[in-house]
Amino acid sequence: MNILIEEIKAYLKSWIKNGTPPNSFKDINFNNKIGISRKLIKLVDKKNNISNEIDNSFNNKTITYILGLYLYNDLTISKYRGELDNIRIKEPRIYQFLYKVLKLREDEPKILLSIFDYDIRDVIDETIDRDDYRVELFSTLGLTRLQNQDYLGYLELNNTLVLIVADGVGGGEAGEVASKLAVDFIINDLKESIQNNQFSNHQSILNLLRDTLYLANHKVVEYASEHNIAVIGTTLSLALIIDKINLYIAHIGDSRIYELDNSLEVRQITQDHSVREVLFRSNKITQNEKEEYNKSLLAFTLGKRNLKKENIFTQHSILYNSSRLLLCSDGFWEKIDINKETFIKPIDKLQIDIYNSIPTDNVTIIRYSPKVSSSIDVDDDIYEEYEDEPTEEREKYYISYTTNRRFTKAKKITNRLNQLKNIIIILIIISSITFFILNLFVSKDIEVVEKDNNLTQLRGE
């Protein structure tokens, strides 16, 4: 932590303890900074400290403003000119403090000290780097709020990867507890299911995910009842990947899951469960009426007593071996334009984009990126196993889903032979038509010649 922040905290604590600001700014060192602004240069003595005489004339707003000026200068090595646009101050809690004292002119020491009450969930920044895939997890309380109600989780077990993003609702500790409670419960429940090998087919997995989220809903409702909390809940978006091929989605709320497919097209997999989106999809309101609704008002979340299983969105699809996934809370997609660069650019660059957008909400993202060989036939070996164990259920599934994958070398060769056969048939047809047309013209020419010969003979006679 920045040394100057610790000095400011010590100053504020002394202020709170004594009921008045400390007698002099000499009580804290301020890293011997000078020249912060033209106004303050006059207030600095030869020892680079504020003089006692000036200290005694400051009101509280001036004192807290000066604290902000010193911190701004220490972090940016520049003077504050009225705007908080320097990237070096765009960090959780630092930005909130500077905004309070420099913009809002807050002078209550307890409020200012509480801003620096750091929590382990303020920023989560983790990377999972495996031989065949990479997962980047990032969550931040942002530059406005002082609690991170978002939460994330992941599980790696056997050939299965689980990724979860949740966004707590209800305000304060209610949302913070709900998101963590739901994620932790689901991770533990799925871990047990995976270990017990309860994944038999596509539909059973989707049913299991829906049941797990429904049980998590019960846990959140139960917690609210035990603690007399009127409003509590969380959105939740879950991606379960098996064998790097099968993607299973379970989702509720307005967090989202996006896919960048092999053609670099971005598509939103999940459906938002805001009231306006639910009404619009059911044709109960028009597009114009939809725009009038509060987009943050949610129809379905975990934590609703009357939630039904069918309110939980589930879906199974096939992942391209080059597909990338993005899971995010609404604090991300409301501020950031999601395109292919969102999936590809370095995570530290994406974090800068997030902070430059001055997020007014918590922001959480998870990026999943497979590591694909540069070989053209990279998918041959990966899908070879499906040739050995064909099942009726799998065949039915692949018939109903459109995909560009070839699951085996044999099938690829068969497809190419079929293409070649079609080309040959087309060529034969074209040749036949051409022969017919030529024959027709030749016949007409012969007929004309014969007529000419007949006329010639008649004339000769």
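No value in this document is a laboratory result; all are computed from the given coordinates. Since we're looking at a predicted model, the values are computed, not measured. All Cβ positions, glycine included, derive from the backbone under ideal geometry; neighbour counts span all protein chains shown.
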For the range 61-66, Karplus couplings with θ = phi - 60° (6.51, -1.76, 1.60), whole Hz, Gly/Pro x:
5, 5, 4, 5, 5, 5
Assuming R0 = 25 Å, what is the FRET efficiency of LYS110 and ASN59, from their Cβ-Cβ distance, to the nearest 0.05?
0.90
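In whole percent, what relative contact order does the range 123-370 give with Cα contacts below 8 Å and a gap of six or more residues?
26 percent
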Spread of Cα-to-Cα distances over 10 Å intervals beginning at zero, given as percent, for the range 101-195:
13, 36, 29, 14, 6, 2
Which residues qualify? For HIS273, with a placed amide H closer than 5 Å and at least 5 residues away or on another chain, they are GLY253, ASP254
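Please rank THR270, THR160, fewest neighbouring Cβ atoms within 10 Å first, as an exposure proxy. It would help to have the intermediate numbers written out before the result.
Numbers: THR270 22, THR160 19.
Ascending number of Cβ neighbours within 10 Å: THR160, THR270.
How many percent of the alpha carbon pairs in the range 123-370 exceed a separation of 23 Å?
48 percent
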Placing +1 on the Cβ of each Lys and Arg and -1 on the Cβ of each Asp and Glu in the range 104-143, which of TYR118, LEU141, LEU104 has its Cα farthest towards the positive end of the resulting dipole?
LEU104
Given the Cα-Cα distance of ASP337 and LYS349 and 0.36 nm per residue of separation, how much length would full extension add, in nm?
2.9 nm
Fewest-first ordering of HIS316, HIS218 by Cβ atoms within 10 Å yields HIS218, HIS316
In sequence order, calculated HN-Hα J values of the range 112-122 (Karplus, 6.51, -1.76, 1.60; Hz; x Gly/Pro)
5, 5, 5, 4, 8, 7, 5, 10, 4, 8, 4
Put +1 on the Cβ of every Lys and Arg and -1 on every Asp and Glu Cβ in the range 123-370; which of LEU152, ILE318, ILE354 then has its Cα farthest towards the positive end of the dipole?
ILE318
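Please report the net charge: other residues with Cβ closer than 11 Å to the Cβ of ASN339, K and R +1, D and E -1.
That sum, taken over residues with Cβ under 11 Å, equals -1.
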The ³J(HN,Hα) series, computed from each phi in the range 71-76 with the Karplus coefficients 6.51, -1.76 and 1.60 at θ = phi - 60°, rounded to the nearest Hz and given as x for glycine or proline, is 5, 4, 5, 5, 7, 9
Would you mind ranking SER369, SER179, SER237 so that the residue whose beta carbon has the fewest other beta carbons within 10 Å leads the list?
SER369, SER237, SER179
Contour minus end-to-end for THR76 and ALA10, with contour as 0.36 nm per residue of separation and end-to-end as the Cα-Cα distance?
21.6 nm
For ASP150, enumerate residues with amide H under 5 Å from its amide H, sequence gap 5+ or separate chain, H modeled in the peptide plane.
GLY168
